[in-house]
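Written below as structure tokens is the structure these notes are about.
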């Protein structure tokens, strides 16, 4: 299997441009979609076209609309169930600020006026979206490779997700860090001990979780990689074994996080097997120490039923 690979530093300006556009699209979904537990109503999804919101309710209570960043057509598509369609073509020189204003204008034509904080979230850019003119880069070869990486990982994470009987989120993209994630829940509620916790934290971590994800990298890990963390982190977690041998533990926000570089998966003899082993080992490390009901939460093979 020849998996696509994209070095972190090879598409910086296009990566940030893409990230900003997906944040705008994600914030539109955030303000237009009814709440669902653990912020599952704000996410985006990998599709056979690119990245999508899936259906979002319109103001008339009957119709829906969808926003898709179509990789093949190199545009962002706005479609609704009434048959109305609009496209914004993404060409070098077309800035994030222009995209923001044109997107809201399209939605306004459909009587949709989402109200949200009009600044990027945790990207180190402290200016409104409509003032961001310095990011207007579209290296479509790199963007396509990133999408293909996400497509493959989406499939493996879905396979892993199907092994668990408990509550599990969809495999989706949190546009905050542009990571593709899936999370398992033990069902145990966590006592709220931090009075200063934000609403985001209170809802995301109301119950015990073991989360898994893939992302293009960041300044701390400047290459594509996988992660897994258990919250709350049980004592001794970082001493637990991981697979493959190249996987390792790091400290992240005061807790252990399991890591595996994407390159190690790409270069392995059986990439799918390698990644599933990493995910399973990270899960068992946290679930065992946190005393999850591992056997009863395990989905058996059909032959065993």
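The values are calculated or read from the model by the stated rules, or taken from the named source; none is laboratory data. Here the structure is a predicted model, which is why all the values come from computation and not from measurement. So basically every Cβ, Gly included, is an ideal-geometry build from the backbone, and we count neighbours across all protein chains shown.
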_Kindly evaluate residue 63 against the criterion of being out of contact with any strand residue (DSSP E or B) (no Cβ under 9 Å at 6 or more places or on another chain) and outside the structural domain of residue 175 (by TED's automatic domain parsing)._
no
(1) free of Cβ contacts under 8 Å to residues at least 12 places away in the same chain; (2) not in a helix (DSSP H, G or I) all hold for residue 133 apart from (1)
Here the residues within region 278-304 that are buried (at least 18 other Cβ atoms within 10 Å of the Cβ) and either at pLDDT below 95 or within 17 Å of residue 248 (Cα to Cα) (or both) are 278, 279, 281, 282, 283, 285, 286
Residue 267 fails exactly one of (1) touching a residue at least 24 places away in the same chain (Cβ under 8 Å); (2) surrounded by 12 or more Cβ atoms within 10 Å (Cβ to Cβ), namely (1)
Going through region 137-151 in order, the residues found to be assigned to a helix (DSSP H, G or I), touching a residue at least 40 places away in the same chain (Cβ under 8 Å) and more than 18 Å from the chain's Cα centre (by Cα) are 140, 142
If you go through 67, 88, 112, 62, the only one that is within 20 Å of the chain's Cα centre (by Cα), over 30 Å from residue 266 (Cα atoms) and not in a helix (DSSP H, G or I) is 67
Within region 263-284, residues assigned to a helix (DSSP H, G or I) and farther than 21 Å from residue 163 by Cβ come out as 263, 264, 266
Might you check whether a residue that is in the same structural domain as residue 155 (by TED's automatic domain parsing), in contact with a strand residue (DSSP E or B) (Cβ under 6 Å, 6 or more places away or on another chain), part of a helix (DSSP H, G or I) and over 19 Å from residue 149 (Cα atoms) occurs anywhere in region 255-262? no
Residue 101 vs (1) within 28 Å of residue 63 (Cβ to Cβ); (2) surrounded by fewer than 15 Cβ atoms within 10 Å (Cβ to Cβ); (3) touching a strand residue (DSSP E or B) at 6+ places or on another chain (Cβ under 7 Å): all pass except (3)
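To keep it simple, each residue is scored yes or no on (1) part of a strand (DSSP E or B); (2) touching a strand residue (DSSP E or B) at 6+ places or on another chain (Cβ under 8 Å); (3) farther than 22 Å from residue 287 by Cα.
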| position | (1), (2), (3) |
| --- | --- |
| 192 | no, no, no |
| 196 | no, no, yes |
| 203 | no, no, no |
| 230 | yes, yes, no |
### Message
Can you say whether residue 114 is over 27 Å from residue 219 (Cβ atoms) and in contact (Cβ under 8 Å) with a residue 12 or more places away in the chain, as far as the supplied structure shows?
### Response
yes
When restricted to 53, 47, the only residue at pLDDT 95 or above, over 19 Å from residue 110 (Cβ atoms) and outside the structural domain of residue 144 (by TED's automatic domain parsing) is 47
